[in-house]
Structure formats: C-alpha cells, structure tokens
C-alpha cells in the first residue's frame, strides 16, 4: 500500500493498524505477535507499518496509549453531559459492563498489556499515564456531584479508588462466571455505588 501524505488518511491507517493490534492481543498473545501478521490482517504492507511504528514494541505501546486515550475520552464525554452527576453514575456502570463478552475481551487484552509491560518501563509509564487521565475524568464526575450536593463522601481519593477497585474486581468475576446475570450485576453494582456515594435509590 502506497504511503499517503494526507494526514487524515494516515491517521485512519494508524488507527486501523492499532485496532488490528488490539484485536490480536485480545484473542492471541503479544509473544506471537509479529509485524508481518499485523500488516497482513490490517491489509497494509509491512513497510508501511514499520514506517508508522518502527518496531513491534512501539506498535504495542502506541496501541496501549490509543486504547486508554479512547476510554478516557468516552468517560470525559459522559462527564460533560448536561445531566445530574447521579445519573452519570448509572451511565458509568452501564458503560463498564455492557456485555459479558466485551468484559471478557477487555480482561484478555489487559492481561496481555500487563504481561508485555512488566519488563518495559516505557510501556508501564504509558499504562500509568493513561490510568491517571482516566482517574482525572472520574474525579471530575465526583466533583460535580459534590458541588451539586447529590454526592457526599468524606475522602474523594479513597472513594475513587474503591469505585475503580469494584469495577476491576467485578470485571474479573464476569470473566470467570459465564452464566452470570448481567442485568442483576449492573443493578447490584449501582446499588453499591449509591451506598459509597451517599445516594439514595430515589435520587439515583
């Protein structure tokens, strides 16, 4: 595939390659990932892939950054919605638990990300920075609720960590329990969040 000087087309190709890389990490392993395999699956030449990313390691790191940037942008969009903070909490629960398959895929991807990153400081830093951006968006949501009086917490930092830990922990449960009732789990999770944030069932 010829290289394009069109910035929009180049960005589309980068995103296509990173999307293919994420799918490979979700269903395969970083250990078996090669530039040739990704180029073939993405429908681009290996030369173009190397031109954009340079190496397998940089391709994976950029894919990690792109994924977390996308997730952070989604949450920031939710935070910006002109609705009460308590309503955004429910949307956040729904967004983090859309379907069991999506949660299972997410867990598989994250396992590969951490396995790849554990011996690579630049990859660990990419994950850490991305999580901090995600955290900032979550804290903004809590700030809105505290400001309008709908959320009451004594320690915002601890509350955020607890909410994130609940989501991460339940995601693991979704991955190991194939018959779990998603609707009931979302409802129970929302109820738990309401308790942590000082919300009543009526206000949430």
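Each reported figure results from applying straightforward, stated rules to the coordinates on display, with no laboratory input. Keep in mind the model is a prediction, meaning the values are calculated, not measured.
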Fill in: Rel. contact order, % - alpha carbon contacts under 8 angstrom, at least six apart, the chain
24 percent
Practice prompt. With springs only between Cα atoms under 10 Å apart, run a GNM on the chain and tell me which of 189, 119, 99 wobbles the most.
Written response: 119
Fill in: 0 to 90° range, to nearest 10: angle between helix 121-148 axis and the chain longest Cα axis
30 degrees
Discussion item. Here are labelled values, [x] 1.16; [y] 4.02; [z] 0.97, and one is the computed Cα Rg over 2.2 N^0.38 Å for what I pasted. Which one?
Written reply: [x]
Worksheet item: When the chain is modelled as a GNM with alpha-carbon springs shorter than 10 Å, which of 176, 93, 113 fluctuates the most?
Response: 176
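Sum -39500 (n - 2.57) across every DSSP H segment of at least 4 residues in the chain, then divide by the residue count to get the 222 nm mean residue ellipticity, nearest 500.
Working: 9 runs with 156 residues, N = 204.
Computed ellipticity for the chain at 222 nm equals -25500 deg cm²/dmol.
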